[in-house]
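Below you'll find the structure, written out as structure tokens, and then a few comments.
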Amino acid sequence: MTRFLQLLRCFATCFFKICAARQASFPIAKKVVVLYNCFMKNTKENKKEKRISKVKGKSSVRLGVALSGGGTRGFAHVGALRALVENGVDVYCVAGTSVGSLFGAAFALGKTVDEIERFCLTVKDKDVTGSRLLKFGYPPESVATLADKLFGGATFADLKLPFACVAVDIEKGEEVILDEGRLAEACSASCAVPVIFKPVKKNGSTLVDGGLKNNVPADVCRMLGADVVVSVDLNVTRGEGTSSDRVLDQLAATWRIMTASTAQKGYYNSDVLICPELRKFRNTTTKGAKEMIAEGYRAAMEKMDEIKRLLYEKGV
């Protein structure tokens, strides 16, 4: 049967060449050539699509995931990670800024997306702010305590995947990459939004939110050894101002405008950018967690073909 198919293919190729040579003289020959070319093009594209759809398991390409800051909108990160896992996309390393550090560390620690999502749905506003009424300068320990519930006191040495998070030394104005010690302490430093949270003292440095310098840490994934970087940016409102006279609204607008430039380096170092539409959700409350997770999943699935195609082209 195989021999017969080979002969048939040989005959078809010879017939095509004859038609190609005489298509100027015989209209029917021209039609045969057009049909043959269409058939070959579709066959090649179908084969490629099937191979791309089978990007599963271990890959020769090291894929890094960069998770941006964004307050409680960070729940969307969980949905994006779920999409990658369900599609068999192998993650080599993770980098996170601010809330992205929390979920990035949990994933790198080996927590399943189901475990992380269950945790998210139990978090209340008071778990972050403590029992105090709304006021500036929440203690960083509240974030560390919350993180410890997720990490169980783990350190960087316990990680299953390479991971690092970003903070800023407020005294020197320099970006600091955190990759050792207790995960909860590192993440609380990365999440310490100035004025809202008190800085974290670590190794003689006064650390605050990494979003001041690097809100989409794609370059950190490169430092960790990633060949391809998929970034999740939660801030679709980045750069937008406000017409409100309220102090908190103006503070939020100031942060959005200021962090617009801190994302450019991340965009430059990203191969694929996932941007969930989270405009209707406030980044200061846990309300809507389930919907934000679903939106993160939707946005990631929208880019899944692009991610798989890129992995395939890079050598999978």
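The values are calculated or read from the model by the stated rules, or taken from the named source; none is laboratory data. Treat the numbers as computed from the prediction; the structure is a model and nothing was measured. Cβ: placed from backbone, ideal geometry, glycine included. Neighbour counts: every protein chain shown. Keep in mind that these areas ignore ligands, DNA and RNA; they rest on the heavy atoms of the full protein, side chains included. Shrake-Rupley method; radii C 1.70, N 1.55, O 1.52, S 1.80 Å.
On the protein heavy atoms, probe 1.4 angstrom, tell me the percent of accessible surface of segment 73-114 carried by carbon and sulfur.
Numbers: 410 of 830 Å².
Ligands and nucleic acids excluded, carbon and sulfur reach 50 percent.
So which of Lys126/Lys308; Lys111/Lys287; Lys124/Lys201; Lys160/Lys201 end up more than 32 Å apart by C-alpha?
Among Lys126/Lys308; Lys111/Lys287; Lys124/Lys201; Lys160/Lys201, the Cα-Cα distance tops 32 Å for Lys126/Lys308.
How much FRET efficiency would the formula 1/(1 + (r/R0)^6) give for Val123 and Glu313, where r is the Cβ-Cβ distance and R0 is 30 Å, rounded to 0.05?
0.15
Would you check the accessible area of Asp148, probe 1.4 Å, heavy atoms only, in square angstrom rounded to 10?
Here the residue's solvent-accessible area equals roughly 50 Å².
Ordering Lys202, Lys160, Lys265 from largest to smallest accessible area (1.4 angstrom probe), what's the sequence?
Lys160, Lys265, Lys202
Give me the extension gain from Gln250 to Asp158: residue separation times 0.36 nm, minus the current Cα-Cα distance, reported in nm with one decimal.
Stretched fully, the Gln250-Asp158 segment lengthens by 29.0 nm.
I'd like the FRET efficiency for Met258 and Lys287, computed as 1/(1 + (r/R0)^6) with the beta carbon distance as r and R0 of 30 Å, rounded to 0.05.
0.70
Taking R0 as 45 Å, what's the FRET efficiency between Glu180 and Thr242 from their Cβ-Cβ distance, rounded to 0.05?
Calculated transfer efficiency: 0.70.
Write down the accessible area per residue of segment 174-264 in Å², having rolled a 1.4 Å probe over the full set of protein chains.
42 Å²
Suppose accessible area is computed on protein heavy atoms with a 1.4 Å probe; arrange Tyr268, Tyr312 from highest to lowest.
Details: Tyr268 190, Tyr312 50 Å².
Accessible-area ranking of Tyr268, Tyr312, largest first: Tyr268, Tyr312.
Please state the shape class of segment 192-316: rounded when a/c is under 1.5, otherwise prolate if a/b exceeds b/c and oblate if not, all from the C-alpha gyration tensor.
It comes out oblate by the Cα gyration axes.
Can you tell me how much longer the chain between Lys201 and Thr112 gets when fully stretched, taken as 0.36 nm per residue apart minus their C-alpha distance, in nm with one decimal?
Contour length minus Cα-Cα distance gives 29.0 nm.
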